[in-house]
Amino acid sequence: MSRITLTKPDDWHIHLRDGAMLNRTVNDVAAWANRAVVMPNLTPPVKTLDDATAYRERIMSAFTGSSNFEPLMTLYLTDSTTPAIIEEAAKSPFVCGVKLYPAGATTNSAAGVTGLESLKPTLAAMEACGLPLLVHGEVTDHDIDIFDREAVFIERILAPLVDEFPKLRVILEHITTKDSVDFVESARNGVAATITPQHLLFDRNDMLVGGIRPHLFCLPILKRNLHKEALRAAAISGNPKFFLGTDSAPHTLETKESACGCAGCYTAHAALPFYAEVFDEEGALDKLEGFASHFGPDFYGKARNSEQVTLVKEDNPSPLSLSFGESTVAPLRAGETLSWRLESTE
Ligand code: NCD
Ligand code: ZN
């Protein structure tokens, strides 16, 4: 198959940033997705419906396309998120979830949650209102190795949480391990996961053998090959619990290529070619549409898109860098040749 037409996808996990960066991020994702679930890790974070409303307006002013584009907003769960904040947000047609960042786990997570015990009434309110919890699933304990942080989070935090709030809808974001695949597969209904292109394309050897490649550094960190293989198997399985979320997260060249480089990969400009390459390598292009365009809206209780996109198998040179106003970002696989290209959207 050298050409494939699918229902137009959505991106169920993206970092659009703010200010000048929005001019590029919003339009890159809107070129192939009708909806994007926008992460709230700005400084200061998006904590209330008012914050989300104002951020959504800034996003829509940066959008210059003519297609449909609908940012779905998330609130940042902090130690002081009250049930009243949840109840207000749940009434909004464009707030689609609340994001849990364990404090210190990743970029701009200083305001994150230090413990879930005091947030139980808030989680109960989310369960009652039907507002999903989006989870960055890593513990931050100093004594837990960075490669084990996702698996330990599932055991210590997520599994008990999913049991204690049996109706709470939970998305384990950007999963990176076989442990997460196994957990989500066997979890009750209402538990799902997003998978990024970088975790399907690369393992930790790609990042570390022969030199350190800072543009492959993201969180949760790339794991060993057996985990990448488990993620690929989950993505092409046709199991509706696994769907597309790029986690596209731009950082400038200077902040990535640094003695203490930032975590995050930029993929919004070419996300569908990345995913298509993986599904093609796996001989599973027929499973791409479910993963990219059906299972996300089904899980969130939204209509599937009516538009279509067409991808062609054709050499597609990836730029060395992308301009973000005054700043420069090296996207994932900068300077390489991708094997698929987005041909059209209609
Ligand atoms: C994200 C970012 O830069 O905002 N970085 C990343 O490595 N994925 C934050 C996140 O999703 O963890
Ligand atoms: Zn993210």
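How many angstrom separate the Cα center of the range 242-289 from the Cα center of the range 148-166? Result: 26 Å between the Cα centres.
Under 5 Å from the amide H of SER109 lie the amide H atoms of GLY104, each residue being 5 or more positions distant or on a separate chain, with H modelled from the backbone and absent for Pro and chain starts. If you model the range 6-126 as an ellipsoid using its alpha carbon gyration tensor, with each semi-axis the square root of five times an eigenvalue, the axes come out at 26, 15, 13 Å, biggest first. Computed per residue of the chain from DSSP H runs no shorter than four, each worth -39500 (n - 2.57), the mean residue ellipticity at 222 nm is -8000 deg cm²/dmol. Pairs of Lys residues in the range 1-149 are counted when their Cα atoms are under 19 angstrom apart and they lie 8 or more places apart or on different chains; the count is 5.
For the range 217-346, the equivalent ellipsoid built from the Cα gyration tensor has semi-axes of 26, 18, 16 Å, listed from largest to smallest. Among PRO240, PRO166, PRO71, the largest mean-square fluctuation in a Gaussian network model of the chain, built with springs joining Cα atoms closer than 10 Å, belongs to PRO166. Seen from all directions on average, the chain presents a Cα convex hull projection of 15.8 nm². In this structure, the amide hydrogen of LYS8, modeled 1.01 Å from its nitrogen in the peptide plane, lies closer than 5 angstrom to those of GLU307, GLN308, VAL309, counting only residues at least 5 positions away or on a different chain.
Only the coordinates and a few stated rules stand behind these numbers; no lab work does. Here the structure is a predicted model, which is why all the values come from computation and not from measurement.
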